[in-house]
There are 2 protein chains.
Amino acid sequence: MTTPSGHTSAILASKVKGTTVYDQKGDKVGHVEDVVLDKLSDRIMFAALGQGGVLGMGEKFYPVPWSMLDYNQDKGGYIIPVAQDVISKAPTYRLEDLTKNDGEFGKIRETSYNYFNIKRDW
Amino acid sequence: MTTPSGHTSAILASKVKGTTVYDQKGDKVGHVEDVVLDKLSDRIMFAALGQGGVLGMGEKFYPVPWSMLDYNQDKGGYIIPVAQDVISKAPTYRLEDLTKNDGEFGKIRETSYNYFNIKRDW
């Protein structure tokens, strides 16, 4: 998997924030607003995909399983290998809800990983 | 493990940045300058522990295995459960070296995890 720093698997969290995200066709679908880390499992859990320009009141975000994001050197952004349609119908949450409490987080995690059909190993 | 958001294991990467870090005695040892993510394994790898106020030219950082950091509600920061002395003698790197290339990253990871005697499962 390629990262913005080239032939490396390591990346700074601060560099991920703001990076443009494209669908499988290469059309822009948004940007990474933030990365949700799971402290208990030491896993990178989601990219919070945002679509607005400026963070609005009550803006909702798509929690996209981190492992779905593939950095594309030419595009200078991440590709999510699904159709735009699949992304736009994905469940959305407010940023604060993504880290609210264990129960909620567990549910969101379950919902998002199931929706995108991503293998979980927790 | 407790996080700044309370009874949750989830945390936004952007909230980690800048958080104060304390040693086992509760003395301040620095702050989290950034978080190093390992894209290949989807793991949170290091907190880059910085000690300077403003990011100086060639400033070096301590890559501290992420699993060592325990959030302390009262302190409002992370505790690394070792003596200040152990931290100050830990290997340091420039921030850009922490994500430079696979070989370097692999070596740094090995060095840091061995130094702090942290179990690795990759």
Quiz item: Relative contact order for chain B: what is it in percent, counting Cα pairs under 8 Å that are at least 6 residues apart?
Solution: 23
Quiz prompt | Candidates B:Arg43, B:Arg94, B:Arg109, ranked by Gaussian network fluctuation over chain B, Cα under 10 Å, top entry | solution = B:Arg43
Exercise. For every helix of n ≥ 4 consecutive DSSP H residues, a contribution of -39,500 (n - 2.57) applies; sum these over chain B, divide by its total residues, and give [θ] at 222 nm rounded to the nearest 500 deg cm²/dmol.
Key: -5000 deg cm²/dmol
Exercise. Note the distances from B:Lys60 to each other copy's matching label point, with points 7 Å along the Cα-to-beta-carbon direction, in nm, sorted shortest first.
Key: 5.0
Exercise. List the distances, in nm to one decimal, from the label point of A:Gly106 to the label points of the same position in every other copy, shortest first, placing each label point 7 Å from Cα along the Cα-to-Cβ direction.
Key: 3.8
Quiz item: Between A and B, buried accessible area summed over both sides at probe 1.4 Å, in Å² to the nearest 100?
Solution: 3200
Quiz prompt | Where rotation carries B onto A, the chain B residue whose Cβ is nearest that axis, in whole Å | solution = B:Ala13, 2
Quiz item: How big is the antiparallel share of DSSP beta bridges in chain A, given as a percent to the nearest 5?
Solution: 90
Practice problem: Measure out, as a whole number of angstrom, how far apart the alpha-carbon centroids of region A:8-87 and region A:103-120 sit. | Solution: 16
Self-check item: chain B shape via C-alpha gyration tensor axes, a/c threshold 1.5
Solution: rounded
Self-check item: Compactness of the protein assembly as shown, expressed as Rg and Dmax over alpha-carbon positions, Å
Solution: 17.7, 54
Quiz item: Put a point 7 Å out from Cα along the line to Cβ at B:Lys89; what are the distances to that point in the other copies, in nm, shortest first?
Solution: 6.0
Quiz item: Of the residues A:Val82, A:Val16, A:Val32, which exhibits the maximal mean-square fluctuation in a Gaussian network model of chain A defined by a 10 Å Cα contact cut-off?
Solution: A:Val82
Quiz item: When the convex hull of the C-alpha atoms of region B:75-122 is computed, what volume per residue in Å³ does it have?
Solution: 113
Quiz item: Mind checking the dipole of chain B: about its Cα centre, +1 per Lys or Arg Cβ, -1 per Asp or Glu Cβ, Debye to the nearest 20?
Solution: 60
Quiz item: Of B:Ser88, B:Ser41, B:Ser112, which is the most mobile in a GNM of chain B whose springs link Cα atoms less than 10 angstrom apart?
Solution: B:Ser41
Practice problem: Take the cross-link list B:Lys28/B:Lys60; A:Lys100/B:Lys75; B:Lys39/B:Lys89; A:Lys17/B:Lys25 and give me the ones stretching past 23 Å between alpha-carbons. | Solution: B:Lys39/B:Lys89; A:Lys17/B:Lys25
Exercise. Tabulate in residue order the Karplus-calculated ³J(HN,Hα) for region B:41-50, using 6.51 cos²θ - 1.76 cosθ + 1.60 with θ = phi - 60°, rounded to whole Hz; enter x for Gly and Pro.
Key: 9, 6, 9, 7, 9, 10, 9, 8, 8, x
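The values are calculated or read from the model by the stated rules, or taken from the named source; none is laboratory data. Note that the structure is a prediction, hence the values are computed from the model and not measured. Heads up, the Cβs are rebuilt from the backbone with ideal geometry, glycines too, and the neighbour counts pull from every protein chain shown. Ligands, DNA and RNA are excluded from the accessible area calculation, which covers all protein heavy atoms including side chains. Shrake-Rupley method; radii C 1.70, N 1.55, O 1.52, S 1.80 Å.
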